[in-house]
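Colleague: If you scroll down you'll find the structure; I have some questions about it.
Just so you know, all these numbers are worked out from the coordinates, no wet-lab data involved. A quick note: this is a predicted structure, and the numbers were derived from the prediction, not measured. As a convention, Cβ positions derive from the backbone with ideal geometry for all residues, glycine included, and neighbour counts pool all protein chains shown.
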Amino acid sequence: MVDKKFDGSDGASEFRHRVAAILCASALVTLAGCATAPSEQTVATPPGSDSPGTFLLERGQVAPGQSIPDAAPSETAADNSIDAEMVVDAVDVETTDETAAEDVPPVGLNFLPQADPVFTSEEPEDAAPIASVPISSIEQGADGAAAQTAPSELPVTAVRPGDPDIWQRILTGYALPDENHPRAVAHRRWYINNRAYLNRTFERARPFLFYIVQEVERRGMPLELALLPVVESAFQPFAYSHGRASGIWQFIPGTAKRYGVSITWWYDGRRDIIASTRAALDYLEDLHKRFDNDWLLALAAYNSGEGTVGRAIRANRKKHKPTDYWNLKLPKETAGYVPRLLAVSHVVRNAAQYKIPLPPIPAQPYLEVVEIDSQIDVALAAELAGLPVDDIYRLNAGLNRWATDPKGPHRLVLPATHVHGFQSALAELPPDKRVRWERHTIASGESLISIAKRYETTPEVIRDTNGLKGNMIRAGQQLIIPVAQRSSVAYTMSEEQRAARTKEQAHGNSKVVHTVKSGESLWTLSRKYKVSTQNIAAWNSMATRDTLKIGQKLVIWQKGGAAPKGATAGAKLAATDVRPPTSKQRIRYTVRKGDSLARIAQRFNTSVASIQKWNADALARKKYLQPGQTLTLYVDAVQAAETS
């Protein structure tokens, strides 16, 4: 769960502003008074925020260009502990471009835009969306800029004049109320004022939206639900939240297992558009039934858990209060979650009124599911489909490795225009050529685990392939092992390559390469270099409990100075280069009761010094951490997901 809180505490003056704002907004309906200028008022940056924004506080329908009364202060941030039954985390989008920090939707009870609600992704937020800008035309430059490379051939299907597009189809299935509650209106106004953000999100949705609409429609559910990934993940398949939620529907591992979504060494179904959409709609249907067919309560429970919503309902019943969504006392994020979906739905419905051009997306299948019956090398699949490897990974984001999971699902999602060519080429390929095979002669001292690691596979695959019943092997025995057809660097979005990039990311002013000696451990190295064991593990894409090997090379980052004995000094970075590279993803963490900088650093595999550097201004304003305070953290999505 991404807790986003804003603590406004400007006292009586802000209270007077709020009262004036409400009175003014009410007067607009009948007197058209208070504010007549056509321009909108820009809200000053609230305390704790690093970006300004605009908002409109309204009671009734808002016409474009209507002026804004004075800013309403935020409510004091309350403790927002996560319910033990919470099963799906909501996430928010951020861009790695700090100049676009205001381009983030507001969250929670506040009418003011909050400080950068964010989620993280294993690719930059502004990465090229499929079928809008060619996927492979964007690569991460060393300075964080997008570097142009060979363009992708992934097709863009145009909407012909007179043909229905996906937006018309979605509108015909709307069933949720078009609320004018102040919370919904505030979020609505944010989206209206940040249409570039919406455009990027909808472009990312292009390959997936028709499939989702079709599945929602088939179940007879409100078609507004097809827009829920806008709120959850901004349609980023690699989206990740610090609560371990992943994919466009943001499932945490527990709920994924509960709804039959597989997570293995080879494959994470939470990022699979087919598996995750099926599970998300199953879950929403179950919640809808549990909460007496109330979709708003079902959505609230999707965000915060059934237990949280159930307890809020019981609390209101005891007090003889209404038990509808708007009257429940829910966690701050959940109080803003449902209004955000309603706001997005409203903007789509009234896009012409607000002069927001929705990207033309045909109401026809973009993707097709191709059954492949067995494991296949990702690079080979890309070659057979006539697509770049990165496109295969982005359309099949559940793939963790160089090949599909040998135990399934045995399918690939491909652009419809590439399916026939892929199927024809696959039919001509013998099944035993879908992966490359090597014969390995077992050496003395080897184990299935060490052999599997060498060939980037698992002991289970080796056992199954060779008919072994256990882990006992003997020197001189020969094994047949499936291996990648290309070098590992060709699989640029595999988990291994994402981890490899981690070791190249700067975490200090100077890098040393330490050669492990007999008797050393991560703990002894942490004492020697005055860094945490978690940091060393994170910098080297390993777990803190991994055993070190004599002669192993470890990358260790320091603030500066001479390298200790046993270490080789690396390149020294400019002291002013304090912003992490954009391949390191930014999250906004909300401080909770009992948190300390040390505890937060340990959780996210970083250091206290780094957190202090990234939040110098915010920490300088407050002597102690306060619940509800927000901190900016830069974490590696893969490493954080494995260790959280």
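Colleague: Could you list log10 I(q)/I(0) for segment 160-310 at q = 0.18, 0.19, 0.21 Å⁻¹, which the Debye formula gives when each Cα is one point scatterer?
Modeller: Log-scaled intensity ratios, in q order: -1.24, -1.37, -1.60.
Colleague: Okay, moving on. Report, in whole Å, the centroid distance computed from the Cα atoms of segment 305-360 and segment 256-280.
Modeller: About 26 Å separates the Cα centre of segment 305-360 from the one of segment 256-280.
Colleague: A follow-up question, please. With Cβ to Cβ distances under 10 Å as the rule, what net charge do the other residues near P409 carry (K, R +1; D, E -1)?
Modeller: Details: positive: K407, R411; negative: D272, E371, D405.
So the environment of P409 carries a net charge of -1.
Colleague: Tally Lys/Arg at +1 and Asp/Glu at -1 over every other residue whose Cβ is under 9 Å from the Cβ of G260; what's the total?
Modeller: Around G260, the surrounding residues sum to +2.
Colleague: Using θ = phi - 60° and the Karplus curve 6.51 cos²θ - 1.76 cosθ + 1.60, what whole-Hz ³J(HN,Hα) does each residue of segment 380-391 get, with Gly and Pro shown as x?
Modeller: 5, 4, 4, 5, 5, 7, x, 10, x, 4, 4, 5
Colleague: Test of the criteria: in segment 268-351, which trypsin sites (Lys or Arg not before Pro) are in a DSSP loop and have at most 15 other Cβ atoms within 10 angstrom of their Cβ?
Modeller: Sites meeting the loop and neighbour criteria: K319, K329.
Colleague: Dividing the Cα radius of gyration by the Kirkwood radius, what Rg/Rh value follows for segment 358-446?
Modeller: Ratio of gyration radius to Kirkwood radius for segment 358-446: 1.09.
Colleague: Let's test the formula: R0 of 51 Å, r as the Cβ-Cβ distance of W437 and R599. What FRET efficiency results, to the nearest 0.05?
Modeller: Calculated value: 0.60.
Colleague: Right, here's the next one. Could you order the peptides 515-523, 257-265 from most to least packed, using the average number of other C-beta atoms within 10 Å per residue?
Modeller: Taking the mean over residues of other Cβ atoms within 10 Å, the ranking is 257-265, 515-523.
Colleague: What number, in percent, do you get for the relative contact order of segment 357-516 if the mean sequence gap of Cα pairs under 8 Å and at least 6 apart is divided by its residue count? Walk me through the intermediate numbers first.
Modeller: Values: 196 pairs, mean separation 41.8, N = 160.
The value is 26 percent.
Colleague: Packing-wise, with mean Cβ within 10 Å as the measure, how do 626-634, 419-427 rank, highest first?
Modeller: 626-634, 419-427
Colleague: Would you compute, for the Cα atoms of segment 434-530, the largest minus smallest coordinate along each principal axis and list the three values in descending order, in whole Å?
Modeller: For segment 434-530, the Cα extents along the three principal axes come out at 50, 34, 18 Å.
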